[in-house]
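Trainee: Take this structure first; my questions come after.
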Amino acid sequence: MNLTLKVWRQKNANNPGHFETYQARDVIEDMSFLEMLDVVNEDLIAQGQEPIAFDSDCREGICGTCSLVINGIPHGGHKGTTVCQLHMRRFHDGQTITVEPWRARAFPILRDLVCDRTAFDKIIQAGGFVSVNTGGTPDANALPVPKTDADLAMDAAACIGCGACVATCKNASAMLFVAAKVSQLALLPQGKPERERRALNMVRAMDEAGFGACTVTGACEAVCPKEVSLSFIARLNREFGRALLKGEPKKSSGGAG
Amino acid sequence: MNLWTQVWRSSLGKKYVMAVSGFVLLLFVVGHLAGNLQIFLPPHYLNHYAAFLQSNLEVIWPVRLVLLALLVLHIVAAVQLEVENKAARPTSYAQKEPGAASFASRSMLLSGLMIGAFVVYHLLHYTAVVQAVNFTGVDFAKLVDPATGHRDVYAMTVYGFSKLPVSAFYLLAMGLLCLHLSHGTQSMFQSLGWKNSYYSPLIAKAAWVLAVVLFLGYSSIPVGVLLGHGQDYLKQIESKVAVTQFPAGKEIK
Ligand code: HEM
Ligand code: FES
């Protein structure tokens, strides 16, 4: 099939950027969206033009690197799918497809379709460490975790940190991402000792990075390739409130007199 | 940092403030409707209720001030968050799908600000009784119920809503309130973290039911008046006024 692509081109972070139109000819239905772009890039290189820069790594939907807004929907709008797993059979011959990068103040565009998601790393760093016992393997039942909690923690842990939630949110809010990370550890005994500190610090880092606030539109959970649920945001609100109410612990000498 | 600063400075905290203030305002809106629906009982019910409120100023004023303060907090937080939210995406998409975001959720600030404008009008109309905004030519401040010695709220309401444009404006405002609360009530539970995957479908449904019930309840008053409710009472008091103004034997022009 043949497609018309309207692709965002931007030299670097300081350039304004614009759309360029390209023709993608003889696209095979079984190609992924990224493979289609690879073919377009081969053509561009052959013509001596600058290829379209876009991010990808695993190309199997687990790393969260790919990040394209296709026709106004991050990852292209096929439920539970990253754009590297989106196949061209989802499109039809003659279609015009608009391809844009994630757009958020906290994710500055570096080039074309590539944005800088360092803000997410900063939030993760702000979360700090998790106390985990080392030494011999613990007895199977020494640290009981209810099955429902383990499953819920895994649902949260499924977040691959791609940033589609930020990209789609009308407020460019990172709440779903932060909610997934905070919830995952708040649900497990391993994360308990640092529970309050982690919630406070991650929320602070999120606010400092310049993301917007949540207005509960639910757009994020709809595009999340890992289908992380909006109810984790309620949990984050609860964790943060709980941490605020507990307050900073008073410094004590720890029995050292 | 003290608790209040921490709450107000964080995006989540500001949403707590919006949720708590929104919740208290919602309680008021429910209570206010219950009081107002007494218009469908014989006139002395509403007038006695009004006289009861008017004669307990030491209760009414603190309540008014708290509600006003909460409304101000709610609006200030809403506007500040909106400014931050807009700043969080300096360049917009060439093509954007709203996705799962509902119309109500996308128009919260607009519906809210229009409710705010309505509240100002409503207070001028029936609380401050500014004659210029009621468009009936009747001075509501002069409507006194002889039985209570306080304002004849029943007559005032019937006069007020007899004007079609005024009633239409009230209906529009109640429609917007319905829209605002259909999303706001759900959002409130979410912002306070009082929600999980078991309760959220229930909360979503209850929010809509509550919003629609409030809309129907409030709308019934102007609609009822436009359909003729209370006109006989107006005739009755108008004839009494006429009798006192024009002693027997004189012609009424
Ligand atoms: C000028 C008046 C108002 C403005 C500007 C306003 C604005 C807003 C905005 C922007 C939100 C956030 C929406 C979101 O989270 O998606 C909100 C939430 C809410 N509003 Fe209002 N509103 C106003 C009046 C009211 C009134 C009169 C009520 C109650 C009867 C109310 C009840 C609520 C509730 C319950 C929420 C949910 C709280 C939350 O965000 O978690 N609002 N309002
Ligand atoms: S490239 Fe790894 S998830 Fe798409």
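Trainee: Can you pick out the pairs among A:LYS79/A:LYS181; A:LYS122/A:LYS147; A:LYS170/A:LYS192; A:LYS147/B:LYS14 whose Cα atoms lie more than 29 Å from each other?
Mentor: Cα-Cα > 29 Å for A:LYS122/A:LYS147; A:LYS170/A:LYS192; A:LYS147/B:LYS14; rest within.
Trainee: What is the gain in length, in nm to one decimal, between A:ASP30 and A:ALA158 on full extension, counting 0.36 nm per residue of separation less the C-alpha to C-alpha distance?
Mentor: Stretched out fully, the A:ASP30 to A:ALA158 stretch lengthens by 43.5 nm.
Trainee: Oh, and also: Among DSSP beta bridges whose residues both lie in the protein assembly as shown, state the antiparallel percentage, nearest 5.
Mentor: Percent antiparallel among DSSP bridges in the protein assembly as shown is about 75.
Trainee: State, in square angstrom and to the nearest 100, the accessible area buried between chains B and A, both chains counted, probe radius 1.4 Å.
Mentor: 3300
Trainee: Also: For B:PHE103, A:PHE232, give me the order by solvent-accessible area with a 1.4 Å probe, most accessible first, ignoring ligands, DNA and RNA.
Mentor: B:PHE103, A:PHE232
Trainee: Within the accessible area of chain B, what % is carbon and sulfur when the probe is 1.4 Å and the other protein chains stay in place?
Mentor: Answer for chain B: carbon and sulfur cover 72 percent of the accessible area.
Trainee: Output ³J(HN,Hα) for the range B:21-30: one whole-Hz value per residue in order, computed from phi by the Karplus curve 6.51 cos²θ - 1.76 cosθ + 1.60 with θ = phi - 60°, and x for Gly and Pro.
Mentor: So the Karplus estimates, Gly and Pro as x, are 5, x, 5, 5, 4, 5, 4, 4, 4, 5 Hz.
Trainee: In whole Hz, with x marking every Gly and Pro, tabulate ³J(HN,Hα) for the range B:63-76 from phi via Karplus 6.51 cos²θ - 1.76 cosθ + 1.60, θ = phi - 60°.
Mentor: With coefficients 6.51, -1.76 and 1.60, one gets 4, 4, 5, 5, 4, 5, 4, 5, 5, 5, 4, 4, 6, 4 Hz.
Trainee: Something else about it: For the range B:188-205, just list the computed ³J(HN,Hα) in residue order, Karplus coefficients 6.51, -1.76 and 1.60, θ = phi - 60°, integers in Hz, with x standing in for Gly and Pro.
Mentor: 4, 5, 5, 5, 8, x, 8, 7, 8, 5, 6, 7, 4, x, 5, 4, 4, 5
Trainee: Continuing with this model, one more query. Other chains near B:79-90: what is the mean number of their Cβ atoms within 10 Å of each residue's Cβ?
Mentor: 6
Trainee: Distance between Cα centroids, the range B:174-204 to the range B:113-147: provide it in whole Å.
Mentor: 32
Trainee: Shifting gears a bit: Taking only Cα atoms of chain A, what ratio of Rg to Rh do you get with Rh as the Kirkwood inverse-distance radius?
Mentor: On the way: Rg = 21.4 Å, Rh = 20.1 Å.
A ratio of 1.06.
Trainee: For the protein assembly as shown, with only Lys/Arg (+1) and Asp/Glu (-1) charged at the beta-carbon, what is the dipole magnitude about the Cα centre, in debye rounded to 20?
Mentor: The dipole of the protein assembly as shown has a size of about 1520 debye.
Trainee: For chain B, what is the relative contact order in percent, using Cα pairs closer than 8 Å and at least 6 residues apart in sequence?
Mentor: Answer for chain B is 24 percent.
Trainee: For the range A:3-111, what is the relative contact order in percent, using Cα pairs closer than 8 Å and at least 6 residues apart in sequence?
Mentor: Details: 175 pairs, mean separation 37.1, N = 109.
Contact order relative to length: 34 percent.
Trainee: To the nearest 10 degrees, how steep is helix A:33-46 against the longest Cα principal axis of chain A, on a 0 to 90 scale?
Mentor: Roughly 50 degrees, rounded to the nearest 10.
Trainee: Below 15 angstrom from the Cβ of B:LYS142, what's the summed charge of the other residues (Lys, Arg +1; Asp, Glu -1)?
Mentor: Working: positive: B:ARG151, B:LYS240; negative: B:ASP139, B:ASP145, B:ASP152, B:GLU238.
It works out to a net charge of -2.
Trainee: May I pose another question? Need the C-alpha centroid separation for the range A:42-81 versus the range B:29-62, integer Å.
Mentor: So the two Cα centres are separated by 63 Å.
Trainee: Using Cα centres only, tell me the gap between the range A:92-130 and the range B:1-28 in whole Å.
Mentor: After rounding, the separation between the Cα centres reads 30 Å.
Trainee: Can I ask one more? Is there a quick way to get the dipole size of the range A:117-245? I mean about its Cα centre, with the Cβ of Lys and Arg at +1 and of Asp and Glu at -1; what is the value in debye to the nearest 20?
Mentor: Details: 14 positive and 12 negative charges, 48 e Å.
Magnitude of the dipole: close to 240 debye.
Trainee: Can you give the accessible area per residue of the range A:117-245, in Å², using a 1.4 Å probe?
Mentor: Spelled out: the 1.4 Å probe surface of the range A:117-245, per residue, equals 42 Å².
Trainee: Given an 8 Å cut-off on Cα distances and at least 6 residues of separation, report the relative contact order of chain A as a percent.
Mentor: Once normalised by length, the contact order is 19 percent.
Trainee: Check the straight Cα-Cα distances from B:LYS240 and name the aspartates and glutamates below 20 Å, setting aside those fewer than 8 residues away within the same chain.
Mentor: Straight-line reach from B:LYS240, under 20 Å: B:ASP139, B:ASP145, B:ASP152, B:ASP232, B:GLU251.
Trainee: Within 12 Å, Cβ to Cβ, of B:HIS74, how many net charges do the neighbouring residues add up to if Lys/Arg are +1 and Asp/Glu are -1?
Mentor: +2
Trainee: Need one number: the % of Cα-Cα pairs in the range A:3-111 sitting beyond the 16 Å mark. If you can, show how the numbers build up before the last one.
Mentor: Values: 3445 of 5886 pairs.
That tail contains 59 percent of the Cα-Cα pairs.
Trainee: Moving on to the next point. Placing +1 at every Lys and Arg Cβ and -1 at every Asp and Glu Cβ, with all other atoms neutral, what dipole size does chain A have around its Cα centre, in debye to the nearest 20? Please list the in-between numbers first.
Mentor: Numbers: 28 positive and 29 negative charges, 278 e Å.
Computed charge dipole of chain A: roughly 1340 debye.
Trainee: What does the charge count around A:GLY191 come to, taking other residues whose C-beta lies under 12 Å from its C-beta (Lys +1, Arg +1, Asp -1, Glu -1)?
Mentor: +1
The values are calculated or read from the model by the stated rules, or taken from the named source; none is laboratory data. None of these values were measured; they are calculated from a predicted model. All Cβ positions, glycine included, derive from the backbone under ideal geometry; neighbour counts span all protein chains shown. The area values use the complete protein model at the heavy-atom level, side chains included, leaving out ligands, DNA and RNA. Shrake-Rupley method; radii C 1.70, N 1.55, O 1.52, S 1.80 Å.
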